[in-house]
Structures are given as C-alpha cells and as structure tokens.
Amino acid sequence: MTLINNYLEPEGIKVHADPYPDQRLFYRSDNASLAKFGVPAHSFSTTQLDKDIHYHQVTDDVSTLNLESMNNVVNTIKLFSEGINDGTITPSRIEPKPEQASGKIY
C-alpha cells in the first residue's frame with residue numbers, strides 16, 4: 001500500500017487498506033491462490049460493502065452501480081500499474097499458508 005501511495009502522491013490520489021480485514025475478502029476470492037503461485041493478484045472495491053445495500057442482493061443490478069466510482073478505481077489501477085510495469089514499484093508477495101485438510105490453501 002505504501003509503495004502504491006508513494007507512487008500516486010504526485011497525482012493527489014490515495015488508496016486505502018482493506019477496511020474489512022475480519023471478512024478476509026482477499027482470501028475468500030481466487031486472489032490468494034493466484035498470489036501463492038506468483039501471479040499478481042489484487043483486491044480493490046469500488047463501493048463500501050457495509051454501506052452498499054445492493055451488494056450481493058437480488059437488487060444488485062447495473063442501475064445501482066456507481067459507474068463514476070468504478071471508472072475512478074480502474075483509472076487509478078491503470079496509473080499505478082504503469083509503475084509496476086516499468087519497475088518503479090516492486091510489490092512483495094504473500095507467504096503461502098499450509099494446505100488445510102479440506103485441500104484449501106487459505
């Protein structure tokens with residue numbers, strides 16, 4: 001997060017750490033499994049999950065999306081991805097956890 005925010009500082013943009021760490025969103029998706037194998041994986045949200053009344057509900061429809069926010073997130077990812085691509089930003093990898101009895105890695 002620090003590397004990304006340092007890179008984005010001249011643009012006046014700041015990204016924030018996961019506000020829901022207890023929900024383990026990164027590990028509930030395929031991102032953690034990909035990161036274990038060295039594949040760049042991210043978890044970014046375009047909405048505050050605890051305030052979005054439509055998130056994962058039957059009312060979750062394109063008409064309820066904040067497309068401006070989504071566009072801003074995509075453009076921010078594009079911007080700092082340039083730093084990753086040119087080597088200005090070198091992110092670290094997560095350490096894999098041992099496999100669980102169910103076969104899940106995380």
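No value in this document is a laboratory result; all are computed from the given coordinates. Quantities reported herein were computed from a predicted structural model and do not represent experimental measurements. Virtual Cβ from ideal backbone geometry, glycine too; neighbours counted across all protein chains shown.
Would you order Val58, Val73 from fewest to most other beta-carbon atoms within 10 Å of each residue's own beta-carbon?
Sorted ascending by nearby Cβ count, the order is Val58, Val73.
HN-Hα J couplings of region 48-63 from phi, Karplus 6.51/-1.76/1.60, θ = phi - 60°, integer Hz, Gly and Pro as x?
Result, rounded to whole Hz: 8, 4, 7, 10, 8, 5, 9, 4, 6, 10, 5, 7, 5, 9, 4, 5.
Report Rg/Rh for region 2-85, rounded to two decimals, where Rg is the Cα radius of gyration and Rh the Kirkwood radius. Intermediate results must be reported in sequence, preceding the final value.
Working: Rg = 14.4 Å, Rh = 14.7 Å.
That ratio is 0.98, to two decimals.
Grab the beta carbon distance between Ser45 and Asp86, set R0 = 41 Å, and tell me the FRET efficiency rounded to 0.05.
Details: r = 26 Å, r/R0 = 0.64.
Given R0 = 41 Å and the Cβ-Cβ separation, E is 0.95.
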